[in-house]
1. What distance in nm separates the simple spin-label points at Asp12 and Leu69, each placed 7 Å from Cα in the Cβ direction?
2. With a cut-off of 8 Å between alpha carbons and a minimum separation of six or more residues, what is the relative contact order of the stretch 1-99 in percent?
3. Once phi is turned into ³J(HN,Hα) by the Karplus curve 6.51 cos²θ - 1.76 cosθ + 1.60 with θ = phi - 60°, what whole-Hz value does each residue of the stretch 20-33 show in order, with x for glycine and proline?
4. Compute the FRET efficiency between Ala34 and Asn170 as 1/(1 + (r/R0)^6), taking r as their Cβ-Cβ distance and R0 = 41 Å, and round to the nearest 0.05.
5. Can you work out ³J(HN,Hα) from phi for every residue in the stretch 171-179, in order, using Karplus 6.51 cos²θ - 1.76 cosθ + 1.60 and θ = phi - 60°, giving whole Hz and x for Gly and Pro?
6. Provide the gained length on full extension for the span Arg184 to Thr21, in nm with one decimal, where the gain is 0.36 nm per separating residue minus the Cα-Cα distance.
Amino acid sequence: MPPTAGARRSNDAWVQALRSTGPEATIVQGELQALVRGALGKALGAQGIDDATLDDLTQIAVLQILQKLERFEGRSRFTTWAYSVALRAALTELRKAGVAPGSTEDSAAALDVEAPDADPGRPAEREEVVAALHRAIEEDLTEKQRAAILGELSGRAPGDLAHELGTNRNALYKLLFDARGRLRDALEAAGISDDEVREAFGL
């Protein structure tokens, strides 16, 4: 079965297959590994990671997914949950090695702050939104837009952020406006509305 077929497997089918033993488990774990490697390759592409490192990160991520399988509650697609676990595992490893400012680690840190009024009963929904935001920031923004939006999310003052980016406030506001528009379009394309984002973060 090709890796793309695994993406269409139901949540229950994923979990049951990964809990099984024998040839079926080996095949499904191989599909999961291929899906995770592809997702991490896209999310971390800006880091200049070589194939060997990507392979190592994939192995670590798949192990984390298997170890946390009991935590999957089925309130989002299994692959969405798995991508979120994989990205966190990969970022943890990259953090140990050190990641440059404006990178995926910054997007994770900026998006990983629990909203004070967030409903703890919606962790899977929030994971799905966060995973979509990670992908949108890494795949749909220019390098300068990414730096601007991450700076804003991390709480930098507009004047300081404009100086860091070598621009002025008016240009920064235009940069942020365009970045937010691209993120909104990317989330809508992923089937996530503004209301769902606000609900996931308790806004």
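Please treat every number below as a calculation from the coordinates, not as lab data. All values reported here derive from a predicted model rather than from experimental measurement. Every residue, glycine among them, receives a Cβ derived from its backbone with ideal geometry; neighbour counts consider all protein chains shown.
1. The answer from the label model is 1.7 nm.
2. 30
3. With the stated coefficients, the stretch 20-33 comes to 7, 10, x, x, 4, 4, 4, 5, 5, 5, x, 5, 4, 4 Hz.
4. On the way: r = 46 Å, r/R0 = 1.12.
With R0 = 41 Å, the Cβ-Cβ based efficiency is 0.35.
5. These are the phi-based 3J(HN,Hα) values: 5, 5, 4, 5, 4, 5, 4, 5, 5 Hz.
6. Numbers: separation 163, 0.36 × 163 = 58.68 nm, distance 4.23 nm.
Here the segment from Arg184 to Thr21 would lengthen by 54.5 nm.
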